[in-house]
Amino acid sequence: MSRVGKAPITIPAGVTVTFNDNVVTVKGPKGQLEQALDSDITVSQEDGVLTVVRPTDQKRHKALHGLYRALINNMVIGVTTGYKIEQELVGVGYRATNAGNTLDLVLGYSHHYVFELPQEIKVSTTAEKGKNPTIILESIDKQLIGQVAAKIRSLRAPEPYKGKGIKFVGEVLRRKAGKSASKK
């Protein structure tokens, strides 16, 4: 059995999970999320615990078993606590400002990047003197917030020599020695 797939999902108080026509709906204090499931995978709920069951040991069923268990678990965590991603802009003159759900980035190019975020994501920016500007993304949908954070990072990925670019807070970058250090 899949180690991920066979692990039960405990449902915290205040969260309701409903199933109809292979669509799982999770409602909680922070909002509501839906996920369509494959027709072969079944989900059962007993005493506040969800279990995901696969019909056979085919390779496809094994893969879907762990996948859907992880997706449902991420939905339960999302509607209870939510997800938060922080990114920092490292570089001289790099700035980030937001107005509502519109993010305006200055990343050393000749133009600004104006990024319109989905309604499900809340964005805030901070710029303290002596520290790098920071972008803070919050949402209940782990897939969506990860995709948006990756898109923002791809606008100016960190380079390996000086570390300039958009990086996640706490991320350790692999640095390279420059030209002068390699000649000895």
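If you take the Cα centroid of region 27-67 and the Cα centroid of region 118-148, the two points sit 29 Å apart.
Per residue, the solvent-accessible area of region 1-160 (1.4 Å probe, heavy atoms of protein chains only, all protein chains present) comes to 57 Å². Identify all lysines with a Cα-Cα distance to residue 131 below 24 Å; exclude those on the same chain that are fewer than 8 residues away in sequence. Here the lysines satisfying the reach criterion relative to residue 131 are 84, 122, 151, 162, 164, 167, 176. Using a simple spin-label model with pseudo-atoms 7 Å out from Cα toward Cβ, residue 81 and residue 126 lie 1.9 nm apart.
With everything on Cα atoms, drop me the angle between helix 59-80 and the longest principal axis of the chain, reported from 0 to 90° to the nearest 10. Rounded to the nearest ten degrees, it is 70. The chymotrypsin sites (Phe, Trp or Tyr not before Pro) found in region 112-165 that occupy coil by DSSP, while having at most 11 further C-beta atoms within 10 Å, are 161. Provide Rg over Rh for region 52-118; use the alpha carbon set for both Rg and the Kirkwood Rh (inverse mean inverse pair distance). Reported Rg/Rh, Kirkwood definition of Rh: 1.26.
So which GluC sites (Glu not before Pro) in region 100-184 end up in coil per DSSP with only 15 or fewer other C-beta atoms within 10 Å? Each step should come with its number before you reach the end.
Working: sites: 116, 120, 128, 138, 171; in loops: 120, 128, 171.
Of the GluC sites (Glu not before Pro), the ones in loops of region 100-184 whose Cβ has at most 15 other Cβ atoms within 10 Å are 120, 128, 171.
Legend: P(r) of region 115-184 from all alpha carbon pair distances, 5 Å bins from 0, whole percents, reading 3, 13, 20, 21, 16, 11, 6, 4, 3, 2, 0. Taking R0 as 45 Å, what's the FRET efficiency between residue 102 and residue 62 from their Cβ-Cβ distance, rounded to 0.05? Between residue 102 and residue 62 the formula returns 0.55.
Counting each DSSP H run of 4 or more residues in the chain as -39500 (n - 2.57), what helix-only mean residue ellipticity at 222 nm follows after dividing by all residues, to the nearest 500 deg cm²/dmol? Could the numbers behind the result be given before it?
Details: 3 runs with 39 residues, N = 184.
Only helices count here, giving -6500 deg cm²/dmol.
Distant-in-sequence amide contacts of residue 163, defined by a placed amide H-H separation under 5 Å and a gap of 5 or more residues or a different chain, comprise nothing.
Using the Cβ-Cβ distance between residue 4 and residue 116 with R0 = 41 Å, the FRET efficiency computed as 1/(1 + (r/R0)^6) comes to roughly 0.75. Using a probe radius of 1.4 angstrom, the carbon and sulfur fraction of the accessible surface of the chain is 51%. Comparing 44, 124, 139 in a Gaussian network model of the chain, where Cα atoms under 10 Å apart are tied by springs, the biggest mean-square fluctuation is seen for 44. The Cα trace of the chain gives Rg and Dmax of 21.1, 68 Å, the first to one decimal, the second as a whole number.
Of the chymotrypsin sites (Phe, Trp or Tyr not before Pro) found in region 1-91, not one falls in a DSSP loop while having at most 12 other beta-carbon atoms within 10 Å. The charge dipole of the chain, taken about its Cα centre with unit charges on the Cβ atoms of Lys, Arg (+1), Asp and Glu (-1) only, comes to about 1500 debye.
The values are calculated or read from the model by the stated rules, or taken from the named source; none is laboratory data. Keep in mind that what you see is a predicted model, and the values were worked out from it rather than measured. As a convention, Cβ positions derive from the backbone with ideal geometry for all residues, glycine included, and neighbour counts pool all protein chains shown. All accessible areas refer to the heavy atoms of the entire protein, side chains included, with ligands and DNA or RNA removed. Shrake-Rupley method; radii C 1.70, N 1.55, O 1.52, S 1.80 Å.
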